[in-house]
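Trainee: Sending over a structure as structure tokens; questions will come in a sec.
The values are calculated or read from the model by the stated rules, or taken from the named source; none is laboratory data. Bear in mind that the values here come from a model prediction, so they are computed numbers and not experimental data. Cβ coordinates were reconstructed from backbone atoms using ideal geometry, including for glycine residues, and neighbour counts include every protein chain displayed.
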Amino acid sequence: MDKLQIYADGLFAQGDQRQKTVVLAAMEADYQAAIAAGQTPEAALLAVMSTYADAGVANHHQSIGIDAATANSFWRRAEFTARLTALGIAVLIGGLAIIVVASDHTGGYGAGAFFVTLAIGVVLLLIPRLLHRGGHKAKRVLIAPATQALAQQKLAAYRQSYVIGLCTGIGLLIVAIAPVIALNSALGVALMFLLDAIGCFFIIYVVTIQASYKKLLRPKAKLR
């Protein structure tokens, strides 16, 4: 651990000492994880030093970690992913309503409509993953202290929307059983699936957005 301290001192000889503290803590955590994974102390030390050197820490003392502009770009992508993922799952659940409504019919239109809905839902789930992959593997990056503070502000500002969305989604899941009891028919079951779909949309959307803010609260995060 003393060698990590010396290494960090060298990296931040004329840099921000607060950033050095953050980076040193992250390096020590990675070192302990490598030891726990079965590496020798020497191999773990070399791996940690190589990781931070490859990330350009030694050459960017003053701008270490992703900045606010990069964070905002990440959050925009997260919102896009949350919207399409939530919508895709909602469409898949809503497609079950088509099967229920069509169960009393002998024609193949109901099954055909269900498979079309299934295809639309799958496409919605795949779009953000295909667009944001970009041929790059996810890697652990440093988060600048200022960016962590911004993430904390974003998370606090989103709290009300999160609570409203989560409560709305859970409420819809609970009341979804009401049409089944009231109508006691295939239509009631179909309405239950539709309410479930809307409820899941709200829950998945707000939980995903909140998770994107929480992800940048830590000194390091795995991003594409």
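Trainee: Considering only residues of region 211-224 that are closer than 24 Å to residue 124 by Cβ and surrounded by fewer than 20 Cβ atoms within 10 Å (Cβ to Cβ), which is modelled with the lowest pLDDT? Talk me through it step by step, then tell me what you get.
Mentor: Our first condition is that a residue be closer than 24 Å to residue 124 by Cβ; within region 211-224, this holds for 211-213, 215, 223-224.
Narrowing further to those that are surrounded by fewer than 20 Cβ atoms within 10 Å (Cβ to Cβ): 211, 215, 223-224.
On the way: 211: 95, 215: 91, 223: 77, 224: 69.
Ranking the candidates gives 224 first.
Trainee: Considering each of 156, 151, 197 in turn, give the residue that is under 30 Å from residue 30 (Cβ atoms) and surrounded by 20 or more Cβ atoms within 10 Å (Cβ to Cβ).
Mentor: Sole residue among the options that is under 30 Å from residue 30 (Cβ atoms) and surrounded by 20 or more Cβ atoms within 10 Å (Cβ to Cβ): 151.
Trainee: Taking residue 44 as meeting all but one of (1) under 22 Å from residue 150 (Cα atoms); (2) at pLDDT 75 or above, write down the number of the exception.
Mentor: (1)
Trainee: Looking at residue 181, is it more than 25 Å from residue 117 (Cα to Cα) and surrounded by fewer than 15 Cβ atoms within 10 Å (Cβ to Cβ)?
Mentor: For residue 181, the condition - more than 25 Å from residue 117 (Cα to Cα) and surrounded by fewer than 15 Cβ atoms within 10 Å (Cβ to Cβ) - is met.
Trainee: Which is among the aromatic types (Phe, Trp, Tyr), touching a Lys or Arg at 6+ places or on another chain (Cβ under 8 Å) and farther than 30 Å from residue 50 by Cβ, of 205, 162?
Mentor: 205
Trainee: For residues that are outside any helix (DSSP H, G or I) and at pLDDT 70 or above, scanning just region 48-78, find the one that is nearest to residue 153 (Cα to Cα). Let's see the steps before the verdict.
Mentor: Of all residues in region 48-78, those outside any helix (DSSP H, G or I) come to 55-56, 60, 64-67.
With at pLDDT 70 or above added as a condition, the list becomes 66-67.
On the way: 66: 16, 67: 15 Å.
Among those residues, the one meeting the criterion is 67.
Trainee: Could you check, for region 134-146, whether at least one of its residues is in a helix (DSSP H, G or I) and either among the β-branched types (Val, Ile, Thr) or within 16 Å of residue 84 (Cα to Cα) (or both)?
Mentor: no
Trainee: Within the set of pairs 6 or more residues apart or between chains, which connect a residue that is under 14 Å from residue 141 (Cα atoms) inside region 25-42 to a residue that is at pLDDT 85 or above and surrounded by fewer than 18 Cβ atoms within 10 Å (Cβ to Cβ) with Cβ atoms less than 8 Å apart?
Mentor: Close Cβ pairs satisfying both conditions: none exist.
Trainee: Return the total of residues in region 194-224 being part of a loop (DSSP other than H, G, I, E, B) and among the aliphatic types (A, V, I, L, M). It would help to see each step written out before you state the result.
Mentor: Step one: filter region 194-224 for residues part of a loop (DSSP other than H, G, I, E, B), giving 216-219, 224.
Now restrict to residues that are among the aliphatic types (A, V, I, L, M): 216-217.
Here the count works out to 2.
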